[in-house]
Every structure is written in C-alpha cells, then in structure tokens.
Amino acid sequence: MSDQPAAMLDIHDLQGWYDESHVLHGISLKVARGEVITLLGRNGAGKTTSLRAIMGILGRTAGSIRFNGAELVGLSPDKIARKGIGYCPEDRGIFSGLTVDENLLLPPVVGKGGMSVAEIHTLFPNLVERRTSFGTKLSGGEQQMLAIGRILRTGASLLLLDEPTEGLAPVIVQQIGVAVRLLKQRGFTILLVEQNFHFASTVADRHYVVEEGKIVDEIANDDLPNQTERLKSYLGV
Amino acid sequence: MIPILNIPTDVLLGQLLLGLINGSFYAILSLGLSVIFGLLNIINFTHGAQYMMGAFVSWMLLTYFGIGYWPALLISPVVVGITGVILERFILRRIYDIDHIYGFLLTYGVALVIESIFRGQYGVSGQPYRAPALLSGVIDLDFMVLPIYRLWVVAASIAVCAGTWLIIEKTRLGSYLRAATERPVLVRAFGVNVPRMIMITYGFGVALAAFAGVLAAPLYQVSSIMGSNLMVVVFAVVVIGGMGSIGGSIVAGFGLGILEGLTKVFYPPGSNLVVFVAMILILTLRPAGLFGKAR
C-alpha cells in the first residue's frame, strides 16, 4: 500500500537541523491521496519537526519532499503552502489580535474545492456564536476547531495537523475525531501528528512510528489490535 | 470676547489651532513609525530624514520641473516611499534577527547620511515653498482669523490617519498585517509572501513621513534639518501612545499637539517641555504607553 506509485506526498531521506543540532536523520514516508496517516512517537522524537520541515519553516533541511511530484525542499514556506498544503501548528497559532472571523478568513485560497464558511460552521457549530470574539478568548477546543477550520477554506488538499487533541477534554476529542473522519470522506489527505494512539486508531489508515528523527516502523491500522504491545513499547506507555 | 481664566478667547483658540497643526504632524509621523515598528520591529530613526525628503522632493518638483503642490502631494510620497522600499530590500532586511540596537544604529546612520547629502547640496537655510492659490488666504471668523492652509493641514492629516486606521483594522490586507505582527512565520506558512509585505509596509510608513513633509513645506521652510528638530518630539509621542499602537499614535499625536498649544497659553516657558513631562508621567504609570501592550 505504501509503495503505490501515485503517492501524493513522498518524503525520502529527509534530514533536518535546528540551528546547529541535527534533529531529523533520514525520514522516509509516503502518503497516498485520500489517506489519513499518523506520525506516532514520544515527545522530542521529531514528529512536529517533520511537519515543520515539510512546510519549509525548519531552519535547514536536506533530502527530498515531493508533493504531487514537485520538490518542496528549498522552496519558501509561502510557495509550499500555495502548492496546496494546509498547516495547523501544535500551539494552534490563533492570532490574538484578530477576531474569530478574521482568523477564519486569514489563510489565502491556494487551490480549488475549498469548503465554504457555511460548511465549516456546520462542521464546527461552536465557531458561529463566537464570530466576533477575539481569538484568544476561545476555549482550547474552540481554538483547535478554528485552527483546523481556517485551513479547510483554502482549497488545500493535504492537511498537516499537529496534535489536534492535545490537552482537550474527551468530548472535544470525539468531536475532532468526527470532523477528521468527515474530512477524509470529503477526500482530504491528512498527515496527523499524535501522541494519543487511541485517537489515532479511530481516524487513521496507517501509522508511522518516529524515533530519534527516523521512521522506525509502519503499522496498518487494521493490524493495530495485534500490535498494541509493540506500539506501547515504542511510546513508552 | 469672554475671557476664560483671564485669557482672551481668541488667544486660546489661536493656540488651540496651532496645537492642532503641530498635532497633525505628530500624528502622521508617529503613525508611520508605529506601522513600521509593528511589522519590522525596527524603530525607524530615518523617519525625520524621510519627512525632510518629502518636503525637498516637492520643492525640487516645483523648482526644477514646474510641478506644483497638488501633484507633489502624490508624487513626493511615492518617490520617497520607493527609496524606503530599496532601503528595506537591500539593507534593513539583513538585521531583523539581531538586537534592536542595530536597527536603531543603522537607521540613525542612514538619517545622518541623507541629511548630510542635503546639507551639502542646499545648506541649512530654508527654501521657501508657496502654498497653492486655492489654499492661500484666510477665513475671517470675526473673533479670529483662520489661515486656510492650516485648516487644510488638519483636515488632510485627519483623513490620512483615519484612512490608515481603517485599512489596518478593517480590511483583509490589514488582517494580514496584524497577523504577521504576531506570527510572521505562520502567516508565511499559510501562503502569504511576508517578506514582500514587510517591504511594502516599510515603503508605506516612509511615504506617510514624506506626505507630512509635503504638508509642512509651505508652513515651515524646506531645509535639511527640518526633520531632526521635529523627530525628538515625535519619538516621545510614539512612546506615550504605545509603541506599535496605531490608534495610540493618532490619539497621542493630536492630544500632545493640543497640550503643547494650551501650555503656550497658560505657561509659555513650559511649552517645549510639556511633552516630555507627559512622557515621564505616563511611562511611570503605564510603562507600555497609553494604548500599548507589554511585549
């Protein structure tokens, strides 16, 4: 499955540096169109760093990141985004000086087929009544919905979601899970960073395990029940 | 005439108007500084020189090309704004990641270079620049005589400040600017060419300074040192309004101009000091300025 030639995202031997320290040591993975893939691993394994490297906002990278056949390594972040990639950072990145509506409308359109504001409001009804509130007045869950919602409008076909469930109440995590499954049905391709593998198992097709800046394992979601012990040893839970 | 606190009303109103005019320049100049500081994180000490260039370019347009005040009001800010874009693209861009002090030293150095060039060419004595016919003359209000040009300066300043505020607070472009002030890298990762936006914003801030320079040309003489004298007060205004606060710089600009005018009526020797006294008081009570947020 992972060797499909039509991989939408094809990362090969990705190396990455934060200033002088070498943090990614050869990440290789493939994501096919329409798949939901998670990167699992402990804190500091290089999951968030991998997403930042894809977006071009990690200091220095080497290796290859091909998206729909085009090389991304060496492009500026704005050019990478305009290829059709939507990024939802770990801290959600809600702008405090902007209202909910302004946050929602901020990312420029980068492709065709984005969701309408009405559709996003249907997906995340909480955002409707908070339209004129400033971004940081929202609860953590609402901020997360806004952070995901605003990249659905742009027509990006690949979504990079960095720990969308972190620090959220179980009921909100369920709501995010419903949304991610809906987005998959709509044809979005999603690369998800997660520490919560129970959540990951409810939304993903495959999982990559990241350790010390490398992919050390790949587990199909259907195989997950048999691999729980293996996964637990990776995650140290 | 009814005197207020033993001060004749015409004297009071006259000084109020003078204060409003000074306030008009403070507001436009500190607004430009705030726009630049918000996005570039640089305190643009070249601002006074760019204000002077605005006045000089309109004087040159008239003297060498016979182009009058009204076209100059547009051409001069565009020309000086372009020099700002070039300065940002080739020099300022290199220092964003290092300490503030380098931005201060660099922009101050550039100001000295620009002012020296103009001083070498034109000396320090002022060149006269006549107000256009439409704005010459006075309106006689019975109790006082209002020069039309001064009213125009106040109106133009209010219009430019309100327009800039609307663009920044109420438009999509403005939301990019505000977002990039908070998280430039993230805005870029959404597909906005932030470096280009920074370059254009610097050019716009510089164009505001030049616009103030054109407005000033008929009021004060056009001279190479006209900017450096004014900027000391303008920096105090920016600090009082709150560094980077758009509304704060406008309110503080007009407010301090009026405060200065009133001081001239009630305690003339204090008029040169009152802005700085206000700065000390406000910074003691609110270290981030009236409208500023702690950074």
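The values are calculated or read from the model by the stated rules, or taken from the named source; none is laboratory data. This one's a predicted model, so the numbers in the text were calculated from it and none came from an experiment. For neighbour counting, all protein chains shown are included, and Cβ atoms are generated from backbone atoms with ideal geometry for every residue, glycine included. These area figures cover heavy atoms from the full protein model, side chains too; ligands, DNA and RNA do not enter into them. Shrake-Rupley method; radii C 1.70, N 1.55, O 1.52, S 1.80 Å.
For chain A, the share of accessible area belonging to carbon and sulfur comes to 49 percent (1.4 Å probe, ligands and nucleic acids excluded). Rounded to the nearest 0.05, the FRET efficiency derived from the C-beta distance between residue B:280 and residue A:137 at R0 = 35 Å is 0.50.
For residue B:113 and residue B:232, what does the FRET efficiency come to when R0 = 22 Å and r is the distance between their Cβ atoms, rounded to the nearest 0.05? The formula returns an efficiency of 0.70 here. Loop-located trypsin sites (Lys or Arg not before Pro) across segment A:50-127 with a Cβ neighbour count of 16 or fewer within 10 Å are A:112, with loop assigned by DSSP. Along segment B:97-112 the Karplus relation, 6.51 cos²θ - 1.76 cosθ + 1.60 evaluated at θ = phi - 60°, assigns HN-Hα couplings of 8, 10, 4, 3, 4, 6, x, 4, 5, 5, 5, 5, x, 4, 4, 4 Hz to successive residues, with x for each Gly and Pro. When restricted to Cα atoms, segment B:25-225 yields an Rg and a Dmax of 18.1, 62 Å, respectively.
Considering only beta bridges that DSSP places wholly inside the protein assembly as shown, some 60 percent are antiparallel.
Would you mind pulling out the separation of the Cα centroids of segment B:1-57 and segment A:34-112, in Å? Centre-to-centre (Cα) distance: 44 Å.
Rounded to the nearest 10 degrees, the inclination of helix B:194-216 to the longest alpha-carbon principal axis of chain B is 20 degrees. The string of couplings for segment A:19-35 from the Karplus curve (6.51, -1.76, 1.60, θ = phi - 60°) is 6, 9, 8, 7, 10, 10, 10, x, 7, 10, 7, 10, 10, 7, 4, x, 7 Hz, one whole number per residue in order, with x for Gly and Pro.
Label zone of residue B:10 (point 7 Å out along Cα→Cβ, amide N under 11 Å): in segment B:205-233 this covers no residue at all.
Under 5 Å between amide hydrogens, built in the peptide plane, is the criterion, and for residue A:159 it picks out A:86, A:189, A:190, A:191 among residues at least 5 positions away or on other chains. Solvent exposure of segment A:177-232, expressed per residue, is 45 Å² of accessible area, with all protein chains present and a 1.4 angstrom probe.
Which of A:51, A:75, A:127 moves most in a GNM of chain A, Cα contacts under 10 Å? Sorting by GNM fluctuation, first place goes to A:75.
Annotation for the A:B interface, with buried accessible surface near 1800 Å², both sides summed [1.4 Å probe; non-protein components not counted]. Within 10 Å of the Cβ of each residue in B:202-215, the mean number of Cβ atoms contributed by other protein chains is 0.
Please give the contour-minus-distance gain from residue B:155 to residue B:133: 0.36 nm per residue of separation, less the Cα-Cα distance, rounded to one decimal in nm. Extending this stretch completely gives an extra 6.2 nm. Per-residue ellipticity at 222 nm, computed for chain B from helices alone with -39500 (n - 2.57) per DSSP H run of at least four residues, works out to -24000 deg cm²/dmol. DSSP beta bridges confined to segment A:7-228 are antiparallel in about 60 percent of cases. Taken per residue, the accessible surface of segment B:194-295 reaches 42 Å², heavy atoms only and a 1.4 Å probe.
3J(HN,Hα) along segment B:160-175, derived from phi through the Karplus expression 6.51 cos²θ - 1.76 cosθ + 1.60 where θ = phi - 60°, amounts to 5, 5, 5, x, 5, 4, 4, 4, 6, 8, 10, 10, 5, 4, x, 5 Hz, with x in place of Gly and Pro.
Relative to the longest principal axis of the Cα atoms of chain A, the long axis of helix A:170-185 makes an angle of roughly 80 degrees.
Shielding by partners for peptide B:181-187, expressed as the average number of C-beta atoms from other protein chains within 10 Å of each residue's C-beta, is 6. Helical runs assigned H by DSSP (4 residues or longer) give chain A a calculated mean residue ellipticity at 222 nm of -8500 deg cm²/dmol, each run adding -39500 (n - 2.57) before division by the residue total. For segment A:1-89, applying the loop criterion from DSSP together with a ceiling of 13 other beta carbons within 10 Å to the GluC sites (Glu not before Pro) yields A:20.
Estimated at 0.36 nm per residue, the fully extended path between residue A:222 and residue A:112 surpasses their Cα-Cα distance by 36.3 nm.
Annotation: amide H of residue A:115 within the under-5 Å range of A:153, A:154, A:155, sequence separation 5 or more or interchain, hydrogens built in the peptide plane. The apolar share of the surface of chain B, taken as the fraction of accessible area on carbon and sulfur atoms (1.4 Å probe, ligands and nucleic acids excluded), comes to 70 percent. Okay, which of segment A:102-126 sit inside 14 Å, backbone N to the point 7 Å along the Cα-Cβ direction of residue A:182? So the set is A:115-126. Measuring between their Cα centroids, segment B:74-122 and segment A:172-217 lie 50 Å from each other. Peptide A:75-87 has a mean shielding of 4, counted as Cβ atoms of other protein chains within 10 Å of each residue's Cβ. Taking every alpha-carbon pair under 8 Å whose residues sit at least 6 apart, segment B:93-244 reaches a relative contact order of 33 percent.
Annotation: amide H of residue A:215 within the under-5 Å range of A:28, sequence separation 5 or more or interchain, hydrogens built in the peptide plane.
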